[in-house]
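The values are calculated or read from the model by the stated rules, or taken from the named source; none is laboratory data. Everything numeric in this text was worked out from a predicted model, so none of it was measured. Here the Cβ positions follow ideal geometry from the backbone for every residue, glycine too, while neighbour counts run over all protein chains shown.
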């Protein structure tokens with residue numbers, strides 16, 4: 001008998017969410033969360049990178065998953081969303097590195113301040 005893979009479909013669902021219509025609607029996760037953390041900074045005075053903003057959302061989903069486990073609930077979107085945010089985080093990291101390389105090659109005398117959502 002083969003082991004069950006029931007539940008693993010959330011990974012495909014998460015992939016489809018972050019690479020499909022939502023990315024088209026909200027832009028690349030690096031751009032989407034750069035806007036989000038800029039608004040967060042304006043409201044709270046706390047500056048985060050886009051990547052830290054995404055990690056915050058992972059924490060929200062982990063908290064909800066813990067509550068789901070503790071209360072014996074079945075809320076599949078918490079796991080799917082957590083997987084999606086991890087995917088968004090990786091996409092943001094890769095895209096920031098790509099943009100830094102492009103920018104550095106176009107501006108050899110200047111440097112991009114990593115960890116910030118603004119260009120120098």
With respect to residue 99, is the statement that it is crowded, with 16+ Cβ neighbours inside 10 Å and part of a helix (DSSP H, G or I) true?
-> no
The range 48-72 - residue that is free of Cβ contacts under 8 Å to residues at least 12 places away in the same chain and surrounded by 13 or more Cβ atoms within 10 Å (Cβ to Cβ) and, of those, nearest to residue 89 (Cα to Cα) = 56
Quick one: residue 34 ticks every box in (1) closer than 30 Å to residue 8 by Cβ; (2) modelled with pLDDT of 95 or more; (3) not in a loop (DSSP other than H, G, I, E, B) bar one, so which box is it?
-> (1)
Of all the residues that make up the range 4-22, how many are under 12 Å from residue 79 (Cα atoms) and assigned to a loop (DSSP other than H, G, I, E, B)?
-> 2
Any chance residue 83 is at pLDDT 95 or above and surrounded by 15 or more Cβ atoms within 10 Å (Cβ to Cβ) | yes
Determine, yes or no, whether residue 108 is within 20 Å of residue 14 (Cβ to Cβ) and at pLDDT below 95.
-> no
Would the range 44-60 turn up any residue that is farther than 19 Å from residue 10 by Cβ, over 15 Å from the mean Cα position of the chain (by Cα) and in a helix (DSSP H, G or I)?
-> yes
In a helix (DSSP H, G or I) and at pLDDT below 95 - does that describe any residue in the range 68-76?
-> yes
